[in-house]
1. Determine the per residue accessible area of the chain with all protein chains present and a 1.4 angstrom probe, expressed in square angstrom.
2. Treating the beta-carbon of each Lys and Arg as +1 and of each Asp and Glu as -1, no other charges, what is the dipole magnitude of the chain about its Cα centre, to the nearest 20 debye?
3. In what sequence, highest mean first, do 48-57, 82-91 appear when ranked by Cβ atoms within 10 angstrom?
4. For K39, what is the net charge nearby, where nearby means another residue's Cβ is under 14 Å from its Cβ and Lys, Arg count +1, Asp, Glu -1?
5. Could you give the angle, 0 to 90 degrees to the nearest 10, between helix 132-148's Cα long axis and the longest principal axis of the Cα atoms of the chain?
6. What's the carbon and sulfur percent of the chain's accessible surface, probe 1.4 angstrom, rounded to a whole number?
7. Which net charge results when you count Lys and Arg as +1 and Asp and Glu as -1 among the other residues whose beta-carbon is under 12 Å from that of P127?
8. Going by a ≥ b ≥ c, the root eigenvalues of the Cα gyration tensor, does region 26-98 fall in the rounded group (a/c under 1.5), the prolate group (a/b larger than b/c) or the oblate group?
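The values are calculated or read from the model by the stated rules, or taken from the named source; none is laboratory data. Quantities reported herein were computed from a predicted structural model and do not represent experimental measurements. Note that we place each Cβ from the backbone using ideal geometry, even for glycine, and neighbour counts take in every protein chain shown. Surface accessibility is based on the protein's heavy atoms, side chains included, excluding ligands, DNA and RNA. Shrake-Rupley method; radii C 1.70, N 1.55, O 1.52, S 1.80 Å.
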Amino acid sequence: MSLRSRADDPCALVGVAQLAEFGSFKPSSVKVDESGLGKSVSCSWQPASVVVGAHYSVVVYDFHFPYEVAERNLGSEWDNVEKTAVDGYPAITGFNSYGIVGCSTAVSVADGQIFMSGLLTSVESSPEHANPCDYSRRFASVIVKNLKG
């Protein structure tokens, strides 16, 4: 499974109907970062109403990014890091709750190819607020299924 071919358009990794399962969103926005070892491209979906939902995102890296490096980086940036799997692929989740609740999931889909997905929310009544890592893994699972085709 190759991620690099998807690095220019990570928004295409989540279909419209699939995104609707997580809420109602404004149009996606894309950000390119070339400040590190290579290019990373992120796609973000802001909730249609900030008082109702969560902000979701996915980041794809177009360079060799070993899972162990992602694991170490996530472990130093987030609380409550947990090794897990998403649809059989090695993954790690990291939870944070410094005013805004969030969880990121890094998934290794091939040697040196990971993507990072996650969410942020400050809405206590949203389902994501109570179980952010469950939703982060569910969102990552959608991306894995779409990568498989």
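1. I get 49 Å² per residue for this part.
2. Numbers: 11 positive and 16 negative charges, 63 e Å.
The calculated dipole for the chain is roughly 300 debye.
3. Working: 48-57: 17.5, 82-91: 15.9.
Those peptides, ordered most packed to least, come out 48-57, 82-91.
4. Spelling it out: positives minus negatives among the neighbours equals -2.
5. 50 degrees
6. On the way: 3720 of 7360 Å².
Within the chain, the accessible surface is 51 percent carbon and sulfur.
7. Once all neighbours under 12 Å are counted, the net charge is -3.
8. The shape class here is oblate.
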